[in-house]
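Asker: The structure that follows is given in the form of structure tokens.
The values are calculated or read from the model by the stated rules, or taken from the named source; none is laboratory data. Only a predicted model underlies this, so the values are computations on that prediction, with no experimental measurement involved. Glycine gets a Cβ as well: all are built from the backbone with ideal geometry, and neighbour counts include every protein chain shown.
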Amino acid sequence: LLSNNVEGFSVKNRHSKSTLNYRTKPLRDAADVAAMDMPNNNGSPLKIENNKVEKVSLSSSSFNLVKALVGAGVLSFPAGVAAFADVPRALVPATVILCILGFLSAYSFYSIGRTCGEENVASLGEAWKVTVSEQSSWLVDLACFGTTLGTAINFSIVLGDLFSSIFKTFGVSGLLASRHASILLVTFSALYPLCSLKSLAALTPASILGVFCSAITCAFLGFRFFGGAYVPGGSLYSSVAPSLQPSFGIKGMNMFSPSCLILFSMAATGYMCHFAAPELYNSLENNTPKRFKQLIANGFGATALLSILFASFGFLTFGGASSGFILNNYSNKDFGAVLCRILTIGTLICGYPIVLSGSRSALFALMKRGENVSESLRLNATKLLLSGVTCIALVLENSGFVVSLNGAITGSSIIYIFPSLMFLRSTQKRLLSGELKLSKSLRAERMLNKFMIGLGAVLGCLGASVSVLESFFPGVL
């Protein structure tokens, strides 16, 4: 279940002498990225240098977008609903929220691809430099660093929970079955060796496994909900810890509660893979704006449907007791849950090095922009990042908190603020030069982007604050 998987690379900016040190999967050579087809305003492909990019069909591109979007974050959505309600009717506003935020995320994804095409650049970082400023481009690197670091922390927490549950299933008890021991075991035995590899190309097929793992897990959640195994008196009800047993009708629903912002923040993480927009735009076969819109509709539509199903099945089964990682609610004696946990473990372990590599590359971009990185420095950075992530995962137990906090801070920036700023600056430049005329539709779109900047700022500040208060000071809310 891969989410926001960013792999390091270097692309020479055609507008300056600096080098961008991040890149989205699927992995390709940097030379290919520099020779992409960009769409121009009349809908036909715009040739930049020479066509070396392997073109991908609309159906394959749609699948690539879904596998980049769907990640472990969807397993936190039931907890996002439970943050403000414990009654089934809460799924109505929750579904509306997920659909609206999905639409805004899809629009900003399209805006990034369109801006890159209009400015003849090959990445989000380059587009920021050309449209906003080169001096502030470190903000994009910082957002990339925060996104991937938060994802790695979430992966470590989830892996600890999963291994602990599986150990208990097979009769292991005591310290060996604790989440702390599980995190340390998987870190030293699997994560560090994989993260130290020079090439991660062999691990990229894990993202395909992640899509099927998500589908299987979603089907399992639906099967258990309709089967009634976890209702009071059900076959598996008594085997669940009391704090994780279904809970309904105690606190009701309060849509005006600040805790509602937790679902907003989680959705930002669930709909975020915006660093991939330029590459998906460029690699799309016959990449006209109309076909790119269709690609986005397919990818974000499927992701929204999966998100709603995960939120619905998990919440309708456990209600207000829904855990920040919903598989934690299911019994260790539930064979289906054990199977889903094993599949998720395999996917997360294979995806972890890709995520940490993206964080490492963003760190180098922040600290050593444009310089060659030695092998010893790369390994030391890997040790430093993995140690920091592991220490945080040992302290934090709620993966839902990490998902919501990461979404509030980096998600709001990448989805709402960055694309809107670039669009406003790009259109302003072309309006002043006479390339564009201020039509009613353009005026309305500029107003929408100004609204999205304000929305991103509000959701970022309030969402982060509520996530912290809900997790550590619940009495305040």
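Asker: Out of everything in region 163-197 that is part of a loop (DSSP other than H, G, I, E, B) and free of Cβ contacts under 8 Å to residues at least 60 places away in the same chain, what residue ends up being surrounded by the fewest Cβ atoms within 10 Å (Cβ to Cβ)?
Answerer: Out of the qualifying residues, it is 171.
Asker: Among the residues of region 362-371, is any surrounded by 14 or more Cβ atoms within 10 Å (Cβ to Cβ), assigned to a helix (DSSP H, G or I) and among the basic types (Lys, Arg)?
Answerer: no
Asker: Among the helices (runs of 4 or more DSSP H) confined wholly to region 56-142, which include 2 or more residues that are over 18 Å from the mean Cα position of the chain (by Cα) and aliphatic (A, V, I, L, M)?
Answerer: 77-82, 91-118, 124-131
Asker: Out of all the residues in region 327-359, which are under 17 Å from the mean Cα position of the chain (by Cα) and not small (Gly, Ala, Ser)?
Answerer: 344, 347, 348, 349, 350, 352, 353, 354, 355, 356
Asker: Taking the stated definitions as given, is residue 304 closer than 23 Å to residue 455 by Cα, within 15 Å of the chain's Cα centre (by Cα), at pLDDT below 90 and assigned to a helix (DSSP H, G or I)?
Answerer: no
Asker: Looking at region 420-435, I want the residues that are on the phi > 0 side of the Ramachandran plot and buried (at least 21 other Cβ atoms within 10 Å of the Cβ) and have a partner that is part of a helix (DSSP H, G or I) and modelled with pLDDT under 90 with Cβ atoms under 8 Å, at least 6 apart or on another chain. Which pairs are those?
Answerer: none
Asker: Still on this structure, I have one more. Looking at 109, 103, 77, 63, which is the one that is within 24 Å of residue 311 (Cβ to Cβ), aromatic (Phe, Trp, Tyr), at pLDDT 85 or above and out of contact with any Phe, Trp or Tyr (no Cβ under 9 Å at 6 or more places or on another chain)?
Answerer: Testing whether each residue is within 24 Å of residue 311 (Cβ to Cβ), aromatic (Phe, Trp, Tyr), at pLDDT 85 or above and out of contact with any Phe, Trp or Tyr (no Cβ under 9 Å at 6 or more places or on another chain) leaves just 63.
Asker: OK, next. Take the residues in region 198-232 that are surrounded by fewer than 17 Cβ atoms within 10 Å (Cβ to Cβ) and of a type in the set (Val, Ile, Thr), then tell me which one is farthest from residue 303 (Cα to Cα).
Answerer: The selected residue is 231.
Asker: So if I check each of 463, 475, which one is surrounded by fewer than 18 Cβ atoms within 10 Å (Cβ to Cβ) and part of a helix (DSSP H, G or I)?
Answerer: None of the others qualify; the one that does is 475.
Asker: Based on what the data block shows, is residue 247 crowded, with 16+ Cβ neighbours inside 10 Å, hydroxyl-bearing (Ser, Thr, Tyr) and modelled with pLDDT under 90?
Answerer: no
Asker: Let me ask you something else. Inside region 169-223, can you point out the residues that are under 23 Å from residue 387 (Cβ atoms) and among the β-branched types (Val, Ile, Thr)?
Answerer: Residues satisfying the conditions are 183, 186, 187.
Asker: Tell me whether region 321-344 contains one or more residues that are closer than 30 Å to residue 263 by Cβ, in a loop (DSSP other than H, G, I, E, B), in contact with a Gly (Cβ under 6 Å, 6 or more places away or on another chain) and in contact (Cβ under 8 Å) with a residue 60 or more places away in the chain.
Answerer: yes
Asker: Return the pair list, or none, for Cβ contacts closer than 6 Å from residues in region 454-477 that are touching a residue at least 40 places away in the same chain (Cβ under 8 Å) to residues that are outside any helix (DSSP H, G or I) and among the β-branched types (Val, Ile, Thr), at least 6 apart or on different chains.
Answerer: The qualifying pairs do not exist here.
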